[in-house]
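The values are calculated or read from the model by the stated rules, or taken from the named source; none is laboratory data. Nothing here was measured: the structure is a model prediction, and the numbers come from that model. Don't worry about glycine lacking a Cβ; one is built from the backbone with ideal geometry, like all the others, and counts go over all protein chains shown.
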Amino acid sequence: MGARTSRGGGGRHRWAVIMAGGVGSRFWPHSRRKRPKQFLNVQGQHTLIEDALHRLRGVVPAERVLVVAGPEFSGLIRRHLKQLPAKNLVIEPSARGTAACLALAAKEIEKRDPEGVMAVFTADHVIGPLDKFQRCVRIAYATAESERCLVTFGIKPTGPDTGFGYIEVGAALRRSRPRVLWAKRFVEKPDVATARRYLRTGRYYWNSGMFVWCVDVLAEELARYAPKIVRAVDAVVAAPSRGPVLARARRVFSRLESLPIDVAVMEKSDRVAVVEGDFRWDDVGSWAAMDGVWPRDSAGNVSRGNVLQIDCRDTVLSSDGRLIAAVGVDDLVVVESSDAILICPKSRAQEVRRIVDELKRRGDLDRL
């Protein structure tokens, strides 16, 4: 471990980054390339990206929140986040995974505040209640500052879910609730038998994909484990705003291997702590996840819009306009939009991206 020094400064060095560049292919047909999942309203009155920013009120001021996305989403972001300062929209030269994305965001924060402490959130999670979430975020900031480590949020599993990566934890740094523990290892999405074994041990958490770290600590770990990313980001940041030098730097960036931050750094680092997230969390990664977001009836059905269900069980039905009427069906997802209807078993909702891949192969751009 590095020397432990407090960097908090009463919170004046605390920043937040919202990653908003995903395409949400498993949420088709509502999530499209011109309006992906983070710009949809899946609950309440606000879109997912608006909720992501609202959750930070009282923790980080708006002038210290950055949003990172590709140029194709800049107009949508400005439309949905009118309070976001223009300089706080960071445009990725190309989508090369969360490792490059966060290296770029960290460099931007470092330019403005070399003592910056950076929290990372995604634009498409459903989280609550607000007070518990914000308490965990403040504890994560304090841990990153005092321990000079990388911090992630682990979610206590509610079942043997195979759609998430897991984190095995070890010794505790903080035993009071919510606990903070050292990470032992990150593991990829398991099969059902392995996930059940993880649950029995009580030592495994879902990997939420949310993080906190001092920007200089992240820089040290990136230099150690992902130097190509560091060099590419440094070249982009140092380049003039236009011209051949910038074009060359962007080409180098675009040729980077696309890596998530978990694979590039977190799985390799020996300085990772886990804050036990005692809030409700869902990454709404597929339509099946809506049974944890929308109200559920006694038969396990969830629905939204113009829907009629008779003798159905464990279904997810969503209508944008036309009536969906279902009789006697189980474990089914039906989603109606203006130009497409999705039908699949709920147990195979993770495979909806295969439809998107096939539409791309066919060149059916109107439905992407």
When you look at GLY321, is it of a type outside the set (A, V, I, L, M), outside the structural domain of TYR166 (by TED's automatic domain parsing) and modelled with pLDDT under 95, yes or no? yes
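To keep it simple, each residue is scored yes or no on (1) among the aromatic types (Phe, Trp, Tyr); (2) in contact (Cβ under 8 Å) with a residue 24 or more places away in the chain; (3) assigned to a strand (DSSP E or B).
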site: ASP51; (1), (2), (3): no, yes, no
site: LEU56; (1), (2), (3): no, yes, no
site: VAL60; (1), (2), (3): no, yes, no
site: VAL67; (1), (2), (3): no, yes, yes
site: SER74; (1), (2), (3): no, no, no
site: ILE77; (1), (2), (3): no, yes, no
Determine which single condition VAL333 fails, assuming it passes every other condition in (1) in the same structural domain as ASP234 (by TED's automatic domain parsing); (2) of a type in the set (Val, Ile, Thr); (3) touching a residue at least 24 places away in the same chain (Cβ under 8 Å); (4) in contact with a helix residue (DSSP H, G or I) (Cβ under 6 Å, 6 or more places away or on another chain). (1)
When you scan the stretch 150-173, how many residues do you find that are over 18 Å from ALA289 (Cβ atoms) and either free of Cβ contacts under 8 Å to residues at least 40 places away in the same chain or not assigned by TED's automatic domain parsing to the domain that holds THR194 (or both)? 4
Just one of the numbered conditions (1) assigned to a loop (DSSP other than H, G, I, E, B); (2) surrounded by fewer than 16 Cβ atoms within 10 Å (Cβ to Cβ); (3) not hydrophobic (A, V, I, L, M, F, W, C) is not true of ARG248; which one? (1)
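Let's see how each residue does on (1) at pLDDT 95 or above; (2) buried (at least 20 other Cβ atoms within 10 Å of the Cβ); (3) polar (S, T, N, Q):
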site: ARG33; (1), (2), (3): no, no, no
site: LEU53; (1), (2), (3): yes, yes, no
site: SER74; (1), (2), (3): no, no, yes
site: ALA86; (1), (2), (3): no, no, no
site: ARG96; (1), (2), (3): no, yes, no
site: LEU104; (1), (2), (3): yes, yes, no
site: PRO114; (1), (2), (3): yes, no, no
site: MET118; (1), (2), (3): yes, yes, no
site: VAL126; (1), (2), (3): no, no, no
Hey, which of the strands (runs of 3 or more DSSP E) in the stretch 273-326, taking only ones fully inside, have at least 2 residues that are aliphatic (A, V, I, L, M)? 307-310, 316-319
